[in-house]
Amino acid sequence: MRPIRKLSEIAPFLKEKGVLKKVAVACAEDMNTMEAVGQAAKEGLIEPVLYGRADLMEQAAREAGVATGSFDVIECSSEGEALGQAVAAVKKGRADILMKGLVGTDKFLKAVLHKENGLMRPNAVMSYTCALELPAYHKLLFVSDTAVLPFPDLSQKSAMITYSVEMAHKFGIETPRVALIGASEKVSPHFQNSIDYALLSRMNVRGQITGCLVDGPLDLFCACDPESLAIKGVSSPLEGDADILIFPSLEASNAFYKGLMRFAGGELAGLIQGTEKPVVVMSRSETALSKFYCMALACLVAES
Amino acid sequence: MMITKLEQMFDVLRNEQKKVLVAACANDSHTIGAVHQAREMGLVEGVLVGDEKKILNICKEEKIDPSLYRIVNEPDDVRAVARAVALINAGEGDLLMKGLVNTDKYMRGILNKENGLMEKKAVLSHVTVLENPNYHKLMIVGDVAIIPLPDLEQKVAITNYLIQTAHALGIEKPKVALLAASETVTPKIPANADAAVITKMAERGQIKGALVDGPLAMDLCIDPESVELKGIVSDVAGDADCILFPNIESGNVFYKTNTKLANANLGAVVVGARVPAILSSRGDSVEVKMASIALAAMMSRGKA
């Protein structure tokens, strides 16, 4: 497959393949959720199944100007019931994607993480990867972890790499280049991150992490700019052409992507990682376009 | 010229300006005999620091002309070591050698904060050069004698000493193998983890003048067939010039097995001080003593 280089290319790619995914929406009781679901349905990407209180969902649909006539609507008397049923639907294969509506993120993720009834893969690490589209970069940048793990340790970083690489593969990027981001390219025993990065990049060389090229520590310039690499005289197998950026902390990655969204015209789509099926958690402050991209991304990842 | 056999050092040194070997506590025939033989072979000039009366007596018994040597009278063993060290600090000697004094006192003289031979923060260590008839070149290994369980920073220092020793022997770009029990990168085994980190440091140019790879098991260090069987891709494996040991036990067993079961010859020096220091014991063969003196002299070449 030809690599997908823009978020706007995901939906056309899926439509051409005739992909149509069932999305179980837990507590589809707010306008934001309804809008996102409505647009993805209108574009022919998804068939929504809405779980929640019927009166609240109808009102939200009216406010969002979404016609729910063709949607499956499952009346649930409480938040807990809606959440439980939506997760169960995905778990049992009646739906392909789980999406969060008007329910607290903590409650929602707890249901996803639940040992028997949740959606985590065995021994998986819940984390987050988003795909960023930037006018100033020639391709998509996958970034992890921008939402879940505050200070990932070595094994969590390793999981973040694995999941992000899997996502990049879905975009048709055969051997994604994974940059482990630090403040410099030096390895120092005084910086635990640089030690973790040295280990991870050597694990890649020894064939313990596959399907990608891993290098780090690298600063952002050396990761994404061949000229900086040349000026600094650093030799990196990534050649300043990273597809995936792994960050050492949530603060760093969060500030990175939000800075790009706010000041550099970035668009993004992100997903919870480590789950058996795609799990969509959108923030209300995201643009309508980002929400749509997020649904498209979930469909792409759900497609095996 | 690249040295591939220990005796080739003798040829190099014979034709050069002689370095001055200072023997601390030259109060026995073993010490004086070794200095004299080294001088006869054209390896070094000698200074004998010790009890002048004893020195002259021994020379008489051994039929050695004492006028060939500068003799510095200092009957007390601790003071003799201090005096020998002072001579070197004053530029009147290039190499230090242990005579009839116990190793602790000798080392304490080198390590003395004000008057010793250490630069600030330098790591005192030990390098052994092995000539094993079953290997196609020399093996430069460390630390088999001084640092029991080197931490990461000490391992980096030892790695650099191995590289410097290789350079002194004319090996331009030595191949340095970092030993462990397997080639797998894992944070759970310190030897493997440190080896991976040091390899990455070398990739980043933080360790220069060598090709570095680890973790590697012993067979992968020195046996190309094992490398092929295991499918390891490495520019070091199977052809190592230098081997870094993760602890003193493994290194000590290695060199002693080489000498006792495989007829290996060796030379060894203490490194990390301002000048190379020789630590040979009375039990050492003449070959080992001469090789060690020659090795120290080789390492001192290029220094003023």
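Any chance region B:43-57 includes a residue that's touching a Gly at 6+ places or on another chain (Cβ under 7 Å) and surrounded by 17 or more Cβ atoms within 10 Å (Cβ to Cβ)?
Yes - at least one qualifying residue is present in region B:43-57.
Residues checked against (1) closer than 24 Å to residue B:4 by Cβ; (2) without any contact (Cβ under 8 Å) to a residue 12 or more places away in the chain:
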position: B:196; (1), (2): no, no
position: B:227; (1), (2): yes, yes
position: B:230; (1), (2): no, no
position: B:233; (1), (2): no, yes
position: B:242; (1), (2): yes, no
position: B:246; (1), (2): no, no
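Can you name the residue in region B:226-254 that is assigned to a helix (DSSP H, G or I) and polar (S, T, N, Q) and, of all such residues, is farthest from the other protein chains (Cβ to nearest Cβ)?
Top of the filtered list is B:252.
Could you go through region A:111-131 and let me know if any residue there is part of a helix (DSSP H, G or I), surrounded by fewer than 22 Cβ atoms within 10 Å (Cβ to Cβ) and among the basic types (Lys, Arg).
Within region A:111-131, none of the residues are part of a helix (DSSP H, G or I), surrounded by fewer than 22 Cβ atoms within 10 Å (Cβ to Cβ) and among the basic types (Lys, Arg).
Can you find a residue in region B:274-282 that is within 22 Å of residue B:94 (Cα to Cα), modelled with pLDDT of 95 or more and part of a strand (DSSP E or B)?
Checked against the condition, which is being within 22 Å of residue B:94 (Cα to Cα), modelled with pLDDT of 95 or more and part of a strand (DSSP E or B), region B:274-282 yields at least one hit.
Taking region B:119-160, which residues are closer than 18 Å to residue B:299 by Cα, acidic (Asp, Glu) and either part of a loop (DSSP other than H, G, I, E, B) or touching a His at 6+ places or on another chain (Cβ under 9 Å) (or both)?
Matches in region B:119-160: B:119, B:143.
List pairs: first residue in region A:285-301 and over 14 Å from residue A:142 (Cβ atoms), second residue among the acidic types (Asp, Glu) and in a helix (DSSP H, G or I) anywhere in the structure, Cβ distance under 8 angstrom, at least six positions apart or on different chains.
As it stands, the answer is A:288/A:35; A:291/A:35, since those pairs meet every condition given.
What are the residues in region B:184-212 that are crowded, with 23+ Cβ neighbours inside 10 Å, facing chain A (nearest Cβ under 9 Å) and not in a helix (DSSP H, G or I), if any?
The one that is crowded, with 23+ Cβ neighbours inside 10 Å, facing chain A (nearest Cβ under 9 Å) and not in a helix (DSSP H, G or I): B:185.
Report, by residue number, each residue of region B:151-188 that is of a type in the set (Val, Ile, Thr) and in contact (Cβ under 8 Å) with a residue 12 or more places away in the chain.
If the condition is that a residue be of a type in the set (Val, Ile, Thr) and in contact (Cβ under 8 Å) with a residue 12 or more places away in the chain, then B:156, B:158, B:159, B:163, B:165, B:171, B:176, B:184, B:185 are the ones that fit.
Condition first: under 30 Å from residue A:97 (Cα atoms), in a loop (DSSP other than H, G, I, E, B) and either more than 14 Å from every other protein chain (Cβ to nearest Cβ) or small (Gly, Ala, Ser) (or both). Can you find one or more residues in region A:229-243 that meet it?
Yes, there is a match, as at least one residue in region A:229-243 is under 30 Å from residue A:97 (Cα atoms), in a loop (DSSP other than H, G, I, E, B) and either more than 14 Å from every other protein chain (Cβ to nearest Cβ) or small (Gly, Ala, Ser) (or both).
Return the residue satisfying two criteria in turn: it lies in region A:195-213 and is surrounded by fewer than 22 Cβ atoms within 10 Å (Cβ to Cβ) and small (Gly, Ala, Ser), and of such residues it is nearest to the other protein chains (Cβ to nearest Cβ).
A:207
Give region A:21-37 a look and list any residue that's modelled with pLDDT of 95 or more and surrounded by fewer than 24 Cβ atoms within 10 Å (Cβ to Cβ), or say none.
A:21, A:22 - these are the residues of region A:21-37 that are modelled with pLDDT of 95 or more and surrounded by fewer than 24 Cβ atoms within 10 Å (Cβ to Cβ).
All but one of (1) modelled with pLDDT under 95; (2) buried (at least 21 other Cβ atoms within 10 Å of the Cβ); (3) acidic (Asp, Glu) hold for residue A:286; state the number of the condition that does not hold.
So residue A:286 meets the others, but not (2).
The values are calculated or read from the model by the stated rules, or taken from the named source; none is laboratory data. Not measured: the values here are computed from a predicted model. When we count neighbours, we look across all protein chains shown, and the Cβ atoms used for this are built from the backbone with ideal geometry, even at glycine.
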